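Since every read-out is calculated from the coordinates, none of them should be taken as a lab result. Just so it is clear, the model here is predicted, and its values are computed rather than measured.
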Amino acid sequence: MKIHNLKIEEEYLNAIKNRSKTFEIRYNDRGYQVGDILVFEDPKEESGQYAVFVTYMVSDERFCKENFVTMSIKPIDEVLYQISKMTQEDIEEAIKVKHEYNKNAHTNTVAKLSKMEEQQ
């Protein structure tokens, strides 16, 4: 898990705060992953920061521009509340799902690289 401090325009920050915007599209120069925390800050505003948790990602070039990622996000307070209600069994299942997601992402990346090598 990484914490990413990001600048964002006021219009989009407000939409995230009022929960009408539940995704973020970014150039993937930071190696974003499910489980990361995005801390948004409007550079023109000094009203503080707003943190969200990355819950899902799509980087498939059929749906995103090359080197871009679409991330599903949830406000950090919502995630912390859900975690507080989890049983040990729920936590273990969540860890298994995250490991499976990472394994599939790695497999897809290796397959893409192999295909690129074949084309050259």
Worksheet item: Leaving out same-chain residues fewer than 8 places away, which aspartates and glutamates sit with a Cα under 16 Å from that of LYS17?
Response: GLU9, GLU41, ASP42, GLU45, GLU46, ASP77, GLU78
Worksheet item: Do the alpha carbons of any pairs in LYS7/LYS65; LYS21/LYS98; LYS7/LYS103; LYS2/LYS98 sit beyond 26 Å of each other, and which pairs?
Response: LYS7/LYS103
